[in-house]
Amino acid sequence: MAAEEAPGGGLAEHTRSIIALSWARRLGLGDKDLLGPGSRHELSTPAGSPVSFLRLFDHTVLSAPSEVLHQARRLADAELADERSLLALARRCAAGARSLGAAQLLYAEEPPILTAAQRGAISFEPEAVQAAIAASPADDVQASGIGAAPWRAALVDEYTGVSLGAAGREIWAGMLAQLGVLTVPGQRRRGVGLQLAAVAAEDAFTEGLIPQWRAGTESLAALRIAAGLGFSPAGTQTTVILD
């Protein structure tokens, strides 16, 4: 049986270096801290801050208040990456802690090519984006990150002008394009999310950025979009809020 490919194994070394540098700068680490042989890092954050465990390539980073960091030192990386284990750890310090879930971090090196027939037309009008937001559940809007994204686009029906969904993009450390997609509930399972993600990814490449896709480990739709656009996994991030 072939060995399982390590996270990021499908990405070129140059791409891996850019991803690692972007995350290091976003977290406040040294530029080379997430390069080379695997290492474990701790970042102390103010009391009450969220607890985040990042696994990127062969490196791990735990960002948390000092009392959580102290408790975590007895746990292995595999335990900290597990959503239930991280939540149990956080609840030792804050009984009301709740999980935001675990997400895969995936990246693309080539512009996407869609073989299926495309629907509707892309609109950059703010009204079209707002219409998609207004037609979607608040939790979905928040998870997508589109509400505050500086770059946004919508997919609209060419005949009715109705918004089918929207995409957003945020630039991280000047090198990564964090993508988000929102599909109006009545339009799901029709390729809307895939088409919007492809548009956002293509625009990111045009700007010289590496597209980043965060897919909840339980979100089959998000994982299918990543696979459909040729994204490769590079790590995971698990987050818990201390209420």
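Brief remarks follow.
- The stretch 136-187 - residue that is of a type in the set (Asp, Glu) and farther than 20 Å from residue 120 by Cα and, of those, modelled with the highest pLDDT: 170
- Meets criteria (part of a helix (DSSP H, G or I), surrounded by fewer than 12 Cβ atoms within 10 Å (Cβ to Cβ) and hydrophobic (A, V, I, L, M, F, W, C)) for residue 90: no
- Qualifying residue in the stretch 159-172 (condition: acidic (Asp, Glu), surrounded by fewer than 16 Cβ atoms within 10 Å (Cβ to Cβ) and either outside the structural domain of residue 23 (by TED's automatic domain parsing) or closer than 16 Å to residue 198 by Cβ (or both)): no
- The lone exception for residue 145 - which of (1) within 26 Å of residue 14 (Cα to Cα); (2) touching an Asp or Glu at 6+ places or on another chain (Cβ under 7 Å); (3) surrounded by fewer than 19 Cβ atoms within 10 Å (Cβ to Cβ) it fails: (1)
- Screening the stretch 198-226 for residues that are under 13 Å from residue 107 (Cβ atoms) and not in a strand (DSSP E or B) and picking the one that is nearest to the chain's Cα centre (by Cα) gives 226.
- Residues that are touching a residue at least 40 places away in the same chain (Cβ under 8 Å) and more than 22 Å from residue 119 (Cα to Cα), drawn from the stretch 214-230: 214, 215, 216, 217, 218
- Number of positions in the stretch 93-111 that are more than 16 Å from residue 52 (Cβ to Cβ) and in a loop (DSSP other than H, G, I, E, B): 6
- The stretch 35-56 residues that are closer than 21 Å to residue 99 by Cα, paired with ones that are basic (Lys, Arg) (beta carbon under 9 Å, 6 or more apart): 42/73
- Any chance residue 71 is touching a helix residue (DSSP H, G or I) at 6+ places or on another chain (Cβ under 8 Å), of a type in the set (S, T, N, Q) and touching a residue at least 24 places away in the same chain (Cβ under 8 Å): no
- So residue 82, is it surrounded by fewer than 20 Cβ atoms within 10 Å (Cβ to Cβ), more than 19 Å from residue 188 (Cβ to Cβ) and within 21 Å of the chain's Cα centre (by Cα): yes
- Residue check for residue 171: aliphatic (A, V, I, L, M) and touching a Lys or Arg at 6+ places or on another chain (Cβ under 9 Å): no
The values are calculated or read from the model by the stated rules, or taken from the named source; none is laboratory data. None of these values were measured; they are calculated from a predicted model. Virtual Cβ from ideal backbone geometry, glycine too; neighbours counted across all protein chains shown.
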